[in-house]
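Visitor: Sharing a structure, written as structure tokens. Questions coming.
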Number of protein chains: 2
Amino acid sequence: MDESHAPDHQNEGKTMKNLGYYNGVIDQIDAMRIPMNDRSNYFGDGIYEVCLVANGVIFALEDHLNRFYDNLDKVQIHFTYSKQALKALLQDMVERVEGTSLSLYWQVSRGTAKRSHVFPDPSVNANLMIMVDQLNLPRKDMLYKLITLPDIRFLRCDIKSLNLLPNVLASQAAKEAGCDEAVLHRNGIVSECAHSNLFYLKDQVLYTAPLNHLILPGITRARLIACAKRLGIAVVEAPFTLEELKQADEVIVTSTTKQCVRAFELDKEAIALRDPVTFTALQDAFFHEFEEETKQ
Amino acid sequence: MDESHAPDHQNEGKTMKNLGYYNGVIDQIDAMRIPMNDRSNYFGDGIYEVCLVANGVIFALEDHLNRFYDNLDKVQIHFTYSKQALKALLQDMVERVEGTSLSLYWQVSRGTAKRSHVFPDPSVNANLMIMVDQLNLPRKDMLYKLITLPDIRFLRCDIKSLNLLPNVLASQAAKEAGCDEAVLHRNGIVSECAHSNLFYLKDQVLYTAPLNHLILPGITRARLIACAKRLGIAVVEAPFTLEELKQADEVIVTSTTKQCVRAFELDKEAIALRDPVTFTALQDAFFHEFEEETKQ
């Protein structure tokens, strides 16, 4: 037997570089299998979350859990774990993996059943899957190049679902253009990025798209807004255009794994970098909060 | 060892009720497993097809294969099987399953890799999955009740992707309303149904939505149009409204597994059933073609 593929659930030492979990089974991610008939596999019929883990602390876990259960309700997936039980399991998984900075991913699908569009029989249980892996912590000095693309996603972008093909295609298009993220817009009105929210600063006011069915209610988005308000920076949550983005003093991309990143190029043209004082104050406030909450 | 779960690839008798295939491994569907890191599982990053099989004949297989390879191109999935090799494998799978009427499902995902939105390294191979299962042949005397729902799907409905959460939710809403299908519309302009195309007859002319990014180019849709033309029935492929649908003489729902079904109710109001002669001529022509092509 190949020991490297042996289940490690009796291994209490933190020797794993990564770890997968599926309905009670634990092993290295590459060794993990799921049933062919999991509805995640042929319908993308599930909800997910990603958290950043530093020094064993799952950052903003309560916020992620709240959004996760909200999303399960939105798509009517009945998941029997209490928030407390899921939290304990996620924490246990994180503790089994070595390393000071990790990504924690989990998803719940509507269950395993013969393929049929309608929901399976209520006796079918939801499936819980978790992946913990190594991740470099975000750096303050990252600078993003952006491209713009039409937002072709479905009209419930507030739901963090497993239907991510448009996000995949947009992310790949950004990469092929030598960029880091794609700014998605519907007829010139900006929604967000392929896997991030988007902000801009103009005359020391922070602007971002409003919470509705067109964007994800990002945890980092909410945190950055709270930081701005604490700093006395006015925040406007309202629809904005690509043209306004081009005229911005600063452009900020937020996500769980990259936190808040400054952008300096849009469709190969120079943008932003015109209000370093306000940008730095905001970013410092955000990173300070992150460091305080993830202290060892 | 539980014999019912033993791989059957050495079993040459047609004793299986259903069969799954994944990258060369064959077993009963319930026993099949796929890697956790298949991109189908967390992104829905793949393309699928469903065919109807009668008397061992895979109906309209060439058409399905052509659409399948077109779709792979649209999402830039590199799949190394030639059309001929895939065809032979699908035929072989069908021959291993007993029963005179079957469903044949297959999907190809972008491969197995650590979760990241951008495409994996080109050395990562696409994954091929097949499921063959029992299916009752469609009947001519089926009658559908329909509900109407806003079409919230992504703006590339021409791509038969694994991102089917909106279709799942619409199908479930239809079921909960005591209906068989959901008619999806954008601001009153009808696109298609949750897993079918939609036609109506008015003054002996056959109407359906045009082929564009808002509907799937259904194989049954194309066949019904061809039948109509052979019968001398004029066909108009143009956008139409819910109001026009309500005033129709006949409403016809087409799909691979149900073929062409007559509808008689829309949002609990009686519709259609006003031109049985033309409807029956069309349906008979379609079923005749099906029966001719799937003769033993």
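Visitor: Report the dimensions of chain A along its three principal axes from the alpha-carbon atoms, largest first, rounded to Å.
Guide: Principal extents (Cα only, largest first): 60, 45, 35 Å.
Visitor: Any lysines with Cα under 19 Å of the residue A:17 Cα? List them, leaving off those in the same chain fewer than 8 positions away.
Guide: B:114
Visitor: So how strong a dipole does segment A:238-279 carry about its Cα centre when Lys and Arg Cβ are +1 and Asp and Glu Cβ are -1, to the nearest 20 debye?
Guide: On the way: 5 positive and 8 negative charges, 42 e Å.
Dipole magnitude for segment A:238-279 comes out near 200 debye.
Visitor: When the Debye formula is applied to the Cα atoms of segment B:182-289, each taken as the same point scatterer, what base-10 log of I(q)/I(0) results at q = 0.12, 0.14, 0.24 Å⁻¹?
Guide: Rounded to two decimals, the profile gives -0.34, -0.47, -1.55.
Visitor: Same structure, new question: How large is the accessible surface of residue B:95 in square angstrom, using a 1.4 angstrom probe and rounding to the nearest 10?
Guide: Here the residue's solvent-accessible area equals roughly 100 Å².
Visitor: Then there is this: Per residue in segment B:139-172, which ones lose no less than 50 Å² of accessible surface when going from chain alone to all protein chains (1.4 Å probe)?
Guide: B:152, B:154, B:155, B:163, B:165, B:168, B:169, B:172
Visitor: Once the label point is placed 7 Å from Cα along Cβ, list for residue B:116 the distances to the corresponding points in the other copies, in nm, shortest first.
Guide: Here residue B:116 shows inter-copy label distances of 4.1 nm.
Visitor: Placing +1 at every Lys and Arg Cβ and -1 at every Asp and Glu Cβ, with all other atoms neutral, what dipole size does segment A:147-206 have around its Cα centre, in debye to the nearest 20?
Guide: Magnitude of the dipole: close to 180 debye.
Visitor: Next question, about the same structure. Any chance you could look up the accessible area of residue A:231 with a 1.4 Å probe, heavy atoms only, rounded to 10 Å²?
Guide: About 80 Å², rounded to the nearest 10.
Visitor: Let me ask another. Using a cut-off of under 18 Å, list every residue of segment A:187-224 whose amide N is near the label point 7 Å from the Cα of residue A:288 along the Cα-to-beta-carbon line.
Guide: A:223-224
Visitor: Given a cut-off of under 8 Å on Cα pairs at least six residues apart, what relative contact order in percent is computed for chain A? It would help to have the intermediate numbers written out before the result.
Guide: Numbers: 578 pairs, mean separation 53.8, N = 296.
Relative contact order of chain A: 18 percent.
Visitor: Relative to the compact globular guide of 2.2 N^0.38 Å, what is the alpha carbon radius of gyration of segment A:124-220, as a ratio?
Guide: Numbers: Rg = 15.2 Å, N = 97, 2.2 N^0.38 = 12.5 Å.
That works out to 1.21 for segment A:124-220.
Visitor: Along the Cα-to-C-beta direction of residue B:189, a point sits 7 Å from the Cα; which residues of segment B:209-248 have their amide N less than 15 Å from that point?
Guide: Correct set: B:209-216, B:237-244.
Visitor: Antiparallel DSSP bridges in chain A: what percent, to the nearest 5? Mind showing how you got there, number by number?
Guide: Numbers: 50 of 63 bridges.
Of all bridge pairs located within chain A, approximately 80 percent are antiparallel.
Visitor: I need the P(r) histogram for segment B:237-292: all alpha carbon pairs, bin width 10 Å from 0 out to the longest distance, whole percents.
Guide: In whole percents, the pair-distance histogram is 21, 49, 27, 3.
Visitor: To the nearest 0.05, what FRET efficiency results for residue A:123 and residue B:222 with a Förster distance of 35 Å applied to their C-beta separation?
Guide: On the way: r = 40 Å, r/R0 = 1.13.
FRET efficiency, residue A:123 to residue B:222: 0.35.
Visitor: Looking at the P(r) of segment B:1-157, how many percent of alpha-carbon pairs lie beyond 29 Å?
Guide: The calculated P(r) of segment B:1-157 puts 27 percent of pairs beyond 29 Å.
Visitor: Then there's this: Can you compute the helix-only [θ] at 222 nm over the protein assembly as shown? Use -39500 (n - 2.57) per DSSP H run of at least 4 residues, normalise by all residues, nearest 500 deg cm²/dmol.
Guide: Details: 14 runs with 158 residues, N = 592.
One gets -8000 deg cm²/dmol as the mean residue ellipticity at 222 nm.
Visitor: Cα extents of the protein assembly as shown along the three principal axes, largest first, in whole Å?
Guide: Principal extents (largest minus smallest coordinate, Cα): 76, 60, 42 Å.
Visitor: Could you pull the copy-to-copy label distances for residue A:66, with points set 7 Å along Cα to Cβ, in nm to one decimal and sorted shortest first?
Guide: Copy-to-copy label distances at residue A:66, shortest first: 5.4 nm.
Visitor: Looking only at segment A:141-296, where both bridge partners belong to it, what percent of the DSSP beta bridges are antiparallel (to the nearest 5)? Spell out each step's value before the answer.
Guide: Details: 22 of 34 bridges.
Antiparallel bridges make up about 65 percent of those DSSP assigns within segment A:141-296.
Visitor: Another one. Tell me which residues come under 5 Å, amide H to amide H, from residue B:34 once H is placed; ignore anything under 5 positions away on its chain.
Guide: A:34, A:36
Visitor: Sticking with this one: Please compute the modelled spin-label separation between residue B:66 and residue A:273, points set 7 Å along Cα→Cβ, answer in nm with one decimal.
Guide: For residue A:273 paired with residue B:66, the spin-label model returns 5.2 nm.
Visitor: Hey, got the average number of other protein chain Cβ atoms within 10 angstrom for residues in B:28-41? Before the final figure, lay out each step's value.
Guide: Numbers: counts 0, 5, 5, 2, 4, 7, 7, 7, 15, 7, 5, 3, 8, 11.
Counting other chains' Cβ atoms within 10 Å and averaging over B:28-41 gives 6.
Visitor: Taking residue B:150 in one copy and the same position in all the others, each labelled 7 Å out along Cα→Cβ, what are the pairwise distances from the first, in nm, shortest first?
Guide: Values, ascending and in nm: 2.0.
Visitor: Next up: Residue by residue, what Karplus-based ³J(HN,Hα) values in Hz, rounded to whole numbers, does segment B:261-271 have, using 6.51, -1.76 and 1.60 with θ = phi - 60° and x for Gly and Pro?
Guide: Rounded to whole hertz, the list is 10, 7, 10, 9, 8, 9, 6, 6, 10, 5, 9.
Visitor: What is the total of Lys pairs in segment B:143-278 with C-alpha atoms under 20 Å apart, excluding same-chain pairs fewer than 8 positions apart?
Guide: Here the count comes out as 11.
The values are calculated or read from the model by the stated rules, or taken from the named source; none is laboratory data. On a predicted model such as this, the values are computed, not experimentally measured, just so you know. Cβ coordinates were reconstructed from backbone atoms using ideal geometry, including for glycine residues, and neighbour counts include every protein chain displayed. Side chains included, ligands, DNA and RNA excluded: accessible areas come from the protein's heavy atoms. Shrake-Rupley method; radii C 1.70, N 1.55, O 1.52, S 1.80 Å.
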